[in-house]
């Protein structure tokens with residue numbers, strides 16, 4: 001079965017390797033015409049907290065439940081109720097929406113009818129532009145061919161499949177419930193259902209993983225030629241099962257030098273066959289970047305629905321910006337008690353966040369946009385820091401943009417901390 005799945009993708013792999021970026025640009029224009037940007041549009045994030053089992057590394061808000069036990073209509077009603085309460089506070093009804101993202105948890109536990117219902121509810125309150133990117137996260141253990149087809153009919157046009165690894169040992173360390181074959185099957189079924197805009201997640205720096213193991217993961221992934229790849233370094237988050245195993249000595253994380261070698265291998269292998277690195281952890285075929293995430297990185301506005309979700313809106317409540325976070329208590333949420341916290345963002349804090357987020361992208365920050373948002377040049381805020389970074393060869397600058405160099409990307413956390421000093 002594994003060999004059949006891989007073999008069915010070999011010809012397409014050969015085609016795109018030969019055609020390179022031209023092949024993907026052609027398909028992008030055929031299947032994704034008018035893929036405009038997110039300027040002046042908002043993104044909407046919908047959190048689905050339900051999952052079948054908590055992954056060992058996960059610190060997102062999630063609730064393990066049995067498959068088929070979720071009250072989908074009740075949860076959809078709660079989400080719409082929260083939306084209506086947000087619209088009572090913020091004057092955003094009727095705004096253009098450029099992206100919608102269903103994340104989790106495990107959204108793929110829910111039926112396509114849930115997503116159809118939610119999209120209908122959102123369309124009643126906003127103008128969802130025809131070219132909007134509408135994404136759904138998928139756990140390979142929970143999706144089947146018919147589900148993918150029905151999901152696409154429901155209005156989802158992009159899926160993000162949590163592969164993480166094709167190595168059975170790695171999946172067990174991470175606490176994933178799917179197998180390597182599940183991951184291969186899910187990618188193939190999604191593509192067969194017509195999801196040309198398909199993203200996959202890979203995790204590196206897993207304890208005990210060799211460079212050869214990682215290379216094998218990447219080679220298997222490339223056989224399917226997804227439009228987008230997110231490659232995340234495994235982080236040990238506080239309170240997770242993974243942290244307990246690391247602190248007890250049961251698992252040993254790779255050294256920083258080993259992590260860097262793995263990150264460089266990923267970048268080298270993916271770039272060689274046409275995936276452009278457009279953000280520290282993200283690679284895409286031409287014109288297939290995640291528009292929803294780009295909106296975050298370019299300091300765009302977004303609305304968050306569901307327990308633990310966050311919203312950021314500018315020019316409201318007589319402030320530069322407002323960030324609101326939703327309660328993590330599902331019981332309160334289902335009863336209509338949504339708000340957990342609200343924070344007013346001042347310009348200085350906003351400028352810092354703009355730099356943190358924008359410099360994650362390989363194209364960096366747009367100087368004119370900084371001026372437009374903050375009413376002054378970036379040098380008015382960070383002239384000394386920028387001069388120091390330039391002198392050390394960590395940033396590049398021209399008349400339009402500032403971006404990190406390759407070395408700057410590798411030590412980005414250190415660079416971001418310098419802006420906060």
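Residues being at negative phi and over 22 Å from the mean Cα position of the chain (by Cα): count how many of those fall in the stretch 55-82.
Step one: list which residues in the stretch 55-82 are at negative phi, which gives 55-67, 69-82.
Adding the requirement that they be over 22 Å from the mean Cα position of the chain (by Cα) leaves 65-67, 69-78, 80-82.
Qualifying residue count, the stretch 55-82: 16.
If only one of 277, 291, 271 is in the same structural domain as residue 73 (by TED's automatic domain parsing), within 30 Å of residue 80 (Cα to Cα) and in contact (Cβ under 8 Å) with a residue 12 or more places away in the chain, which one is it? Working first, answer last.
Details: 277 fails: within 30 Å of residue 80 (Cα to Cα); 271 fails: within 30 Å of residue 80 (Cα to Cα).
The match here is 291.
May I ask you to list the residues in the stretch 338-361 that are farther than 26 Å from residue 280 by Cβ and surrounded by 13 or more Cβ atoms within 10 Å (Cβ to Cβ)? It would help to see each step written out before you state the result.
From the stretch 338-361, those farther than 26 Å from residue 280 by Cβ are 338-342, 344, 346; that's our starting set.
Listed by number, the residues that qualify are 338, 339, 340, 344.
Given the condition under 30 Å from residue 218 (Cβ atoms) and outside any loop (DSSP other than H, G, I, E, B), answer yes or no: does some residue in the stretch 297-317 qualify? So that I can check it myself, show each step before the final result.
Looking only at the stretch 297-317, we keep the residues that are under 30 Å from residue 218 (Cβ atoms), and these are 297-298.
Imposing the further condition that a residue be outside any loop (DSSP other than H, G, I, E, B) reduces the set to 297.
Yes, the stretch 297-317 has at least one match.
Under 15 Å from residue 281 (Cβ atoms), out of contact with any helix residue (DSSP H, G or I) (no Cβ under 6 Å at 6 or more places or on another chain) and modelled with pLDDT of 95 or more - does that describe any residue in the stretch 179-198?
Residues of the stretch 179-198 under 15 Å from residue 281 (Cβ atoms): none.
Scanning the stretch 179-198, I find no residue that is under 15 Å from residue 281 (Cβ atoms), out of contact with any helix residue (DSSP H, G or I) (no Cβ under 6 Å at 6 or more places or on another chain) and modelled with pLDDT of 95 or more, so the answer is no.
Do we have any residue at all in the stretch 293-300 that's under 28 Å from residue 134 (Cβ atoms) and exposed (fewer than 14 other Cβ atoms within 10 Å of the Cβ)? Give the steps one after another, and end with the answer.
The initial filter retains those residues of the stretch 293-300 that are under 28 Å from residue 134 (Cβ atoms), namely 293-300.
Pick out the ones that are also exposed (fewer than 14 other Cβ atoms within 10 Å of the Cβ) and you get none.
Within the stretch 293-300 (the criterion being under 28 Å from residue 134 (Cβ atoms) and exposed (fewer than 14 other Cβ atoms within 10 Å of the Cβ)), the answer is no, since none of the residues qualifies.
Which of the residues that make up the stretch 234-249 are out of contact with any strand residue (DSSP E or B) (no Cβ under 6 Å at 6 or more places or on another chain) and closer than 17 Å to residue 170 by Cβ?
Step one: list which residues in the stretch 234-249 are out of contact with any strand residue (DSSP E or B) (no Cβ under 6 Å at 6 or more places or on another chain), which gives 235-249.
If the condition is that a residue be out of contact with any strand residue (DSSP E or B) (no Cβ under 6 Å at 6 or more places or on another chain) and closer than 17 Å to residue 170 by Cβ, then 235, 236, 240, 241, 242, 245, 246 are the ones that fit.
Every residue, every condition in (1) farther than 19 Å from residue 108 by Cβ; (2) without any contact (Cβ under 8 Å) to a residue 60 or more places away in the chain; (3) in the same structural domain as residue 411 (by TED's automatic domain parsing); (4) part of a helix (DSSP H, G or I), yes or no:
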residue: 188; (1), (2), (3), (4): no, no, no, yes
residue: 202; (1), (2), (3), (4): no, no, no, no
residue: 208; (1), (2), (3), (4): yes, yes, no, no
residue: 231; (1), (2), (3), (4): yes, yes, no, no
residue: 242; (1), (2), (3), (4): yes, no, no, yes
residue: 246; (1), (2), (3), (4): yes, yes, no, yes
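Residues 384, 410: which one is touching a residue at least 40 places away in the same chain (Cβ under 8 Å) and more than 22 Å from residue 298 (Cβ to Cβ)? So that I can check it myself, show each step before the final result.
Details: 384 fails: touching a residue at least 40 places away in the same chain (Cβ under 8 Å).
The unique qualifying residue is 410.
Suppose we filter the stretch 128-153 for residues that are surrounded by 19 or more Cβ atoms within 10 Å (Cβ to Cβ) and either at pLDDT 95 or above or not in a loop (DSSP other than H, G, I, E, B) (or both); how many remain? First the steps, then the outcome.
So in the stretch 128-153, the residues surrounded by 19 or more Cβ atoms within 10 Å (Cβ to Cβ) come out as 128, 132-143, 147-148, 151.
Applying the additional criterion that residues be either at pLDDT 95 or above or not in a loop (DSSP other than H, G, I, E, B) (or both) yields 128, 132-142, 147-148, 151.
So the answer is 15.
Go over the candidates 399, 353 one by one and state the one that is closer than 30 Å to residue 305 by Cβ and either without any contact (Cβ under 8 Å) to a residue 60 or more places away in the chain or outside any helix (DSSP H, G or I) (or both). Let's see the steps before the verdict.
Values: 399 fails: closer than 30 Å to residue 305 by Cβ.
Exactly one of 399, 353 is closer than 30 Å to residue 305 by Cβ and either without any contact (Cβ under 8 Å) to a residue 60 or more places away in the chain or outside any helix (DSSP H, G or I) (or both), namely 353.
So, in the stretch 365-380, how many residues would count as being more than 29 Å from the chain's Cα centre (by Cα) and touching a residue at least 24 places away in the same chain (Cβ under 8 Å)?
Residues of the stretch 365-380 that are more than 29 Å from the chain's Cα centre (by Cα), as a first pass: 375-377, 379-380.
Subset that is touching a residue at least 24 places away in the same chain (Cβ under 8 Å): 375.
Total satisfying the criteria: 1.
For the stretch 234-252, which positions are closer than 17 Å to residue 413 by Cβ and touching a helix residue (DSSP H, G or I) at 6+ places or on another chain (Cβ under 6 Å)?
236
Residues checked against (1) touching a strand residue (DSSP E or B) at 6+ places or on another chain (Cβ under 8 Å); (2) assigned by TED's automatic domain parsing to the domain that holds residue 51; (3) at pLDDT 95 or above; (4) assigned to a loop (DSSP other than H, G, I, E, B):
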| site | (1), (2), (3), (4) |
| --- | --- |
| 319 | yes, no, no, yes |
| 328 | yes, no, no, yes |
| 357 | no, no, yes, no |
| 370 | no, no, yes, no |
| 380 | no, no, yes, no |
| 383 | no, no, yes, no |
| 387 | no, no, yes, no |
| 393 | no, no, yes, yes |
| 421 | no, no, no, yes |
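Which of the following residues is out of contact with any strand residue (DSSP E or B) (no Cβ under 6 Å at 6 or more places or on another chain), crowded, with 18+ Cβ neighbours inside 10 Å and at pLDDT below 50: 27, 11, 110, 119?
Numbers: 11 fails: crowded, with 18+ Cβ neighbours inside 10 Å; 110 fails: at pLDDT below 50; 119 fails: at pLDDT below 50.
Of the residues listed, the single one that is out of contact with any strand residue (DSSP E or B) (no Cβ under 6 Å at 6 or more places or on another chain), crowded, with 18+ Cβ neighbours inside 10 Å and at pLDDT below 50 is 27.
Give me the residue from the stretch 56-75 that is assigned to a loop (DSSP other than H, G, I, E, B) and touching a residue at least 60 places away in the same chain (Cβ under 8 Å) and, out of that set, farthest from residue 251 (Cα to Cα).
Here is the first cut: in the stretch 56-75, the ones assigned to a loop (DSSP other than H, G, I, E, B) are 56-62, 65-71.
With the extra rule that they be touching a residue at least 60 places away in the same chain (Cβ under 8 Å), the set shrinks to 56-61, 67.
Details: 56: 12, 57: 12, 58: 16, 59: 18, 60: 21, 61: 24, 67: 30 Å.
Here the residue is 67.
The values are calculated or read from the model by the stated rules, or taken from the named source; none is laboratory data. Just so it is clear, the structure is predicted and the values come from calculations on it, not from any experiment. Virtual Cβ from ideal backbone geometry, glycine too; neighbours counted across all protein chains shown.
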